[in-house]
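First the structure, in the form of structure tokens, and then the observations on it.
The values are calculated or read from the model by the stated rules, or taken from the named source; none is laboratory data. Since the model is a prediction, treat every value here as computed from it, not as a measurement. Here Cβ is always computed from backbone atoms with ideal geometry, including for glycine, and neighbour counts include all displayed protein chains.
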Amino acid sequence: MGHYPVSLDISGRKCVIIGGGEVAERKARRLVSCGADLYVVCRSLSPGLEEMKRGGRLTHVRDDYRAEHLDGAFLAIGATDDRAVNERIFRDARKERVLINVVDDPRLCDVILPALCERGGLQIAVSTGGKSPALAKKLREDLEKEYGPEYGILLDIMGALREKILPRGYDASRNRSLFEAVVRSDILHGIRERDWKRVRRDILDLTGEDLEGLERFA
């Protein structure tokens, strides 16, 4: 049975990583970038995690893992190299109804963490259901070549355009046709060329909205 894909708002929520090595560090950077209230449980931290601790970006719990470390947690990540500990984390998380990901062991996961291609606010996620992180990484790298920074700029422009169009009170089908006309146009070429006059003109022609100062999105 496959996993249900979803994006979680973890801003201000307690998230716990058990383990302090390089893998834990990678997971920590992602969680902190999303606003998590992060706790890292381990005896010692990698240099990168130590730096994050000094910067106040995480709380270090210098201890061996115990079930009470999950109290109040929304999400837990097991990133130890001890199979028995990882299995205990999984059992405890299930008991406490905490979402759990154990690195490199899909059996012990409620949550599979995808590889991400990011362009500004745009995220393109790739998941292999935990079967092959190497393939997920390869696909992410392919996507990064295909989808350049212009897609992040386009997303910001579409967000600004949405704020202009929705208050008009048109029905959903008309709004959809306007948005699709823009994204299916040649606007990406203008963005790549940083030809803001052309981009502004194209948007005006397609939607009737005059967006000024488009260069602010670059």
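Things worth noting here:
- Selection from region 144-160 of residues that are surrounded by 14 or more Cβ atoms within 10 Å (Cβ to Cβ) and under 15 Å from residue 188 (Cα atoms): 147, 150, 151, 152, 153, 154, 155, 156, 157, 158
- Answer from 99, 143, 139 - the residue that is modelled with pLDDT of 95 or more and touching a Ser or Thr at 6+ places or on another chain (Cβ under 9 Å): 139
- When we screen 62, 107, 43, 54 for residues that are surrounded by fewer than 16 Cβ atoms within 10 Å (Cβ to Cβ), farther than 30 Å from residue 132 by Cβ and in contact with a Gly (Cβ under 9 Å, 6 or more places away or on another chain), the only hit is 43.
- Hey, residue 92 on the phi < 0 side of the Ramachandran plot and assigned to a helix (DSSP H, G or I) or not: yes
- Output for region 11-29, where each listed residue is of a type in the set (D, E, K, R) and either closer than 24 Å to residue 88 by Cα or touching a helix residue (DSSP H, G or I) at 6+ places or on another chain (Cβ under 7 Å) (or both): 13, 14, 22, 25, 26, 27
- The set of residues from region 48-89 being assigned to a loop (DSSP other than H, G, I, E, B), over 20 Å from the mean Cα position of the chain (by Cα) and of a type outside the set (Lys, Arg) comprises 55, 56, 63, 64, 65, 71, 72, 80, 81, 82.
- Restricting region 18-40 to residues that are part of a strand (DSSP E or B) and either under 17 Å from the mean Cα position of the chain (by Cα) or not assigned by TED's automatic domain parsing to the domain that holds residue 76 (or both), the residue that is surrounded by the fewest Cβ atoms within 10 Å (Cβ to Cβ): 37
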